[in-house]
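Here is the structure we will look at.
The values are calculated or read from the model by the stated rules, or taken from the named source; none is laboratory data. All of these numbers come straight from a predicted model, not from anything done at the bench. No Cβ is skipped: glycine too gets one built from the backbone with ideal geometry, and neighbour counts run over all protein chains shown. Quick note on the areas: whole protein, heavy atoms, side chains included, nothing else; ligands and nucleic acids left out. Shrake-Rupley method; radii C 1.70, N 1.55, O 1.52, S 1.80 Å.
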Amino acid sequence: MNLWYTEQEAELIKLSFRTEKVLFSGQSEFQKIDVVETVPYGRLLTLDGCTMVSDHDEFVYHEMISHIPALIHKNPKRVLVIGGGDGGTVTELTKHAGIEEIILCEIDGMVVDLCKQYFPNVARGLNDKRVKVNIGDGIAFIKKMKGELDIVVVDSTDPIGPGEGLFSRDFYKSVAAALKPDGIMVAQSESPWFSKEILGRIQNNILGGFTHKKSYVGAIPTYPRGLWSWTMAANVPFDQRDFDRARFGKIKTGLKYLTEGGITAAFEIPMFFREKIGQLEG
Ligand code: SAM
């Protein structure tokens, strides 16, 4: 048998993985969900044909989206993750002993159930007693919160389908309103290789809610463009060099991607990306 799983990105690029077995293929209320066992990258989750998570390198995405804001925030206690139904971001956040509550708001309960079944290591943090799982639309959920969160992590799908509203100006305004004055938002902000038009729109919308923002990057071979970005935003200035080194020391055992020097290095984004998003300084 010669089975391949192909992700087709925007009818422009195809990335194929030699596959041993289709473990699950079905349609939820919101999206098509597939879990396949690939030869090079182990288990792979795709939603509407877009790669979300692979056993091979999920740690890059999840360490970058969780530990960087958690270490730059001075004392995070209450964190909301929107999207992130695979549980990987929550699992990383549970490594911070000082975090008292982690709320996960994922629109699609089927993603959570399938990830617990097929990606138990990624999803293991969902069993932590500080974690509350809410199945529902993150856009509606966050509107009910006012000035009460230390960190909001937007761990969304791409800006198509159910994830589209998670990139809108109004949504970022709601995130800003839900945060405490010194709160931090971090959002996955797509590949630096995407068009200036897509990236510029996301960055411009973030400015609808926040006065300060900075993007950072990491390399994820499972995604068709390889290089990925996240954007951190706040309504107070922040400096990535001021992250809490003592707290990093407590969580570093077991990390597979982030190093102490890697936190500031991640913000040294390539020149072509700086030009696309207008982040020429710092
Ligand atoms: N690692 C990821 C990637 O490739 O970008 C993101 C993973 S996570 C699986 C994204 C999740 O966001 C999906 O499970 C999807 O159901 C969820 N999602 C999309 N729109 C949402 C919304 N409006 N509210 C809450 N969750 C949403």
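Going through the stretch 244-273 one residue at a time, which ones are under 16 Å from residue 215 (Cβ atoms), assigned to a loop (DSSP other than H, G, I, E, B), out of contact with any Pro (no Cβ under 8 Å at 6 or more places or on another chain) and open to solvent by less than 80 Å² (accessible area, probe 1.4 Å)?
266, 267
For the stretch 163-173, give me each residue that is within 13 Å of the ligand (Cβ to nearest atom) and open to solvent by 80 Å² or more (accessible area, probe 1.4 Å).
Those that are within 13 Å of the ligand (Cβ to nearest atom) and open to solvent by 80 Å² or more (accessible area, probe 1.4 Å): 164, 170.
Checking the conditions here, which among 111, 90, 79, 122 is buried (at least 24 other Cβ atoms within 10 Å of the Cβ) and in a strand (DSSP E or B)?
The unique qualifying residue is 79.
Can you find even one residue in the stretch 215-231 that is more than 16 Å from the ligand (Cβ to nearest atom) and either modelled with pLDDT of 95 or more or open to solvent by 20 Å² or more (accessible area, probe 1.4 Å) (or both)?
For the stretch 215-231, residues more than 16 Å from the ligand (Cβ to nearest atom) and either modelled with pLDDT of 95 or more or open to solvent by 20 Å² or more (accessible area, probe 1.4 Å) (or both): absent.
Among (1) away from the ligand (no atom under 15 Å from the Cβ); (2) of a type in the set (A, V, I, L, M, F, W, C); (3) not in a strand (DSSP E or B), there is one condition residue 23 misses while meeting the rest; what is its number?
(3)
Collect the residues in the stretch 174-201 that are open to solvent by 10 Å² or more (accessible area, probe 1.4 Å), within 21 Å of residue 279 (Cα to Cα), part of a helix (DSSP H, G or I) and within 16 Å of the ligand (Cβ to nearest atom), keeping them in residue-number order.
198
Give the number of residues within the stretch 53-66 that are crowded, with 24+ Cβ neighbours inside 10 Å and either touching a helix residue (DSSP H, G or I) at 6+ places or on another chain (Cβ under 9 Å) or not hydroxyl-bearing (Ser, Thr, Tyr) (or both).
The qualifying residues number 7.
Inside the stretch 141-157, can you point out the residues that are in a loop (DSSP other than H, G, I, E, B) and either buried (at least 20 other Cβ atoms within 10 Å of the Cβ) or among the polar types (S, T, N, Q) (or both)?
156, 157
For residue 138, indicate whether it is surrounded by fewer than 23 Cβ atoms within 10 Å (Cβ to Cβ) and either without any contact (Cβ under 8 Å) to a residue 60 or more places away in the chain or within 15 Å of the ligand (Cβ to nearest atom) (or both).
So residue 138 fails the test.
Just one of 84, 109, 98 is outside the structural domain of residue 26 (by TED's automatic domain parsing) and near the ligand (Cβ under 8 Å from one of its atoms); which is it?
On inspection, the qualifying residue turns out to be 84.
Out of all the residues in the stretch 1-31, which are crowded, with 16+ Cβ neighbours inside 10 Å, in contact (Cβ under 8 Å) with a residue 60 or more places away in the chain and in contact with a Pro (Cβ under 8 Å, 6 or more places away or on another chain)?
7, 9, 15, 30, 31
For residue 71, state whether it is of a type outside the set (Lys, Arg), modelled with pLDDT of 95 or more and within 15 Å of the ligand (Cβ to nearest atom).
When the stated conditions are applied, residue 71 does not pass them.
When the residues of the stretch 32-50 are filtered to those that are open to solvent by 10 Å² or more (accessible area, probe 1.4 Å) and either part of a helix (DSSP H, G or I) or within 11 Å of the ligand (Cβ to nearest atom) (or both), which remaining residue is farthest from residue 220 (Cα to Cα)?
Filtering first and then ranking leaves 48.
Yes/no matrix, rows are residues, columns are (1) under 17 Å from the mean Cα position of the chain (by Cα); (2) touching a residue at least 60 places away in the same chain (Cβ under 8 Å):
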| position | (1), (2) |
| --- | --- |
| 95 | yes, yes |
| 100 | no, no |
| 113 | no, no |
| 122 | yes, yes |
| 133 | yes, no |
| 151 | yes, yes |
| 160 | yes, yes |
| 178 | no, yes |
| 193 | no, no |
